[in-house]
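Taking it in order: structure first as structure tokens, then the write-up.
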Amino acid sequence: MALSSNHLLGLQGVSKEDIQLILDTATTFREVLERPIKKVPTLQGKTILNLFYENSTRTRLSFELAEKRLSADTINFSKAGSSAAKGESFKDTVRNIESMKVDMIIVRHESAGVPKYLTQISDANIINAGDGRHEHPTQALLDMYSIRERLGGIEGLKVCIVGDISHSRVALSNIYGLQAMGASVSVCGPSTMIPWEIESLGVKVYNNIDKAIAEHDVLNVLRIQLERDAGVLIPSVREYHNYFGITAERINKNNPNVLIMHPGPINRGVELSSEVADGPFQIILNQVTNGVAVRMAVLYLLGTKPEA
């Protein structure tokens, strides 16, 4: 089986079959990560460019490790210290690097739509590692894989995305992906952080965190993105925690079986109390481990896809 597209630009419109293929393939690579020798020759001879115009820790390291585990050659690009910092256009930067015969490009950029634009100026397979407030597909895929791993499936589950929805590309990819896989998706947060049109996506809106905890199987808790001026949407981080923070007391009172997730990095004492972040309710570090396997699956499926 093969993916229906040569790129992964987002999860909007991606079929259940494609998502299922990625998750099933990730299961194979998850087993590879448990071996003494965690490397396979699958993408030997392929060259992959990590084109990061935004800061990143988990996503970038996860992609780099996935590429190394698949025996690919990698090129790492950061805007700081590059010709882009001297004024070189994005198009010229990409074309100069691609002239070195790059097969795949992993791109993170502050502007929505850049991954799609890359498909128009490059012959490489393009994978979106986060574009503005648009999408972050591999994060949603690893979230879905982690849910399936812990709960045995996705179809029929009730999943609530909590927090700074308006600034989040993770939220949008999760909504598209989870709905494609048969889950019911809701969002919860201050009204200032909930996009007004979100219900048009078939999403229910909650403004009460206790009710959200009580009525859902999974809470995917997002970071308050203070670097994107999210702080102006709330009176203070202390007040946010008082009204929407996930604490052990709230979980025990409303739904002790709820599964807690977070894409990281965590603002401890804001979105999650430390007791929850380190406690038995969460699978946060599992998400990080699973991210490598999921990204290996995406790289493999695109990197070995037969020519049309």
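Of note:
- Which listed residue is out of contact with any Cys (no Cβ under 7 Å at 6 or more places or on another chain), over 20 Å from HIS136 (Cα atoms) and either touching a residue at least 24 places away in the same chain (Cβ under 8 Å) or surrounded by 17 or more Cβ atoms within 10 Å (Cβ to Cβ) (or both), from HIS262, HIS216, HIS241: HIS241
- Hits in the range 46-91 (condition: surrounded by fewer than 17 Cβ atoms within 10 Å (Cβ to Cβ) and without any contact (Cβ under 8 Å) to a residue 24 or more places away in the chain): ASN55, LEU61, ALA80, GLY81, SER82, SER83, ALA85, LYS86, GLY87, GLU88, SER89
- Within the range 263-278, at least one residue is in contact with a helix residue (DSSP H, G or I) (Cβ under 6 Å, 6 or more places away or on another chain), more than 27 Å from ARG133 (Cβ to Cβ), modelled with pLDDT of 95 or more and not small (Gly, Ala, Ser).
- LYS68 over 17 Å from VAL294 (Cα atoms), assigned to a helix (DSSP H, G or I) and basic (Lys, Arg): no
- Options SER56, SER62: the member that is in a loop (DSSP other than H, G, I, E, B), small (Gly, Ala, Ser) and within 19 Å of VAL292 (Cβ to Cβ): SER56
- Residue check, LEU226 more than 22 Å from the chain's Cα centre (by Cα), at pLDDT below 95 and within 23 Å of GLU135 (Cβ to Cβ): no
- Filter result (surrounded by 24 or more Cβ atoms within 10 Å (Cβ to Cβ) and over 17 Å from LYS16 (Cβ atoms)) within the range 147-168: CYS160, ILE161, VAL162, GLY163, ASP164, SER168
Conditions tested, residue by residue: (1) surrounded by 22 or more Cβ atoms within 10 Å (Cβ to Cβ); (2) at pLDDT below 95; (3) aromatic (Phe, Trp, Tyr); (4) part of a loop (DSSP other than H, G, I, E, B).
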position: LEU172; (1), (2), (3), (4): yes, no, no, no
position: ILE175; (1), (2), (3), (4): yes, no, no, no
position: TRP196; (1), (2), (3), (4): no, yes, yes, yes
position: VAL205; (1), (2), (3), (4): no, no, no, no
position: LYS211; (1), (2), (3), (4): no, no, no, no
position: ASN220; (1), (2), (3), (4): yes, no, no, no
position: VAL232; (1), (2), (3), (4): no, yes, no, no
position: ASN252; (1), (2), (3), (4): no, no, no, no
position: PRO256; (1), (2), (3), (4): no, no, no, yes
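- Cβ-Cβ contacts under 9 Å between residues 6 or more apart (or on different chains), taken from a first residue in the range 182-206 that is within 19 Å of ARG223 (Cβ to Cβ) and free of Cβ contacts under 8 Å to residues at least 60 places away in the same chain to a second residue that is of a type in the set (D, E, K, R) and buried (at least 20 other Cβ atoms within 10 Å of the Cβ), are listed as GLY189/ASP164; PRO190/ASP164; MET193/ASP164.
- A Cβ distance below 7 Å, combined with a sequence gap of six or more or placement on separate chains, defines the contacts here; from the range 274-301, residues that are over 17 Å from ASN50 (Cα atoms) reach residues that are hydroxyl-bearing (Ser, Thr, Tyr) and not in a loop (DSSP other than H, G, I, E, B) in the pairs ILE283/SER146; ASN286/SER146; GLN287/SER146; ASN290/TYR145; ASN290/SER146; LEU301/THR25.
- Number of residues in the range 1-26 that are buried (at least 16 other Cβ atoms within 10 Å of the Cβ) and assigned to a helix (DSSP H, G or I): the value is 8.
- Of all residues in the range 152-170, those that are assigned to a loop (DSSP other than H, G, I, E, B) and touching a residue at least 24 places away in the same chain (Cβ under 8 Å) total 7.
The values are calculated or read from the model by the stated rules, or taken from the named source; none is laboratory data. What you are looking at is a predicted structure, and each value in this text was computed from that prediction instead of being measured. Ideal geometry is used to build each Cβ from the backbone, glycine not excepted, and the neighbour counts take in all protein chains shown.
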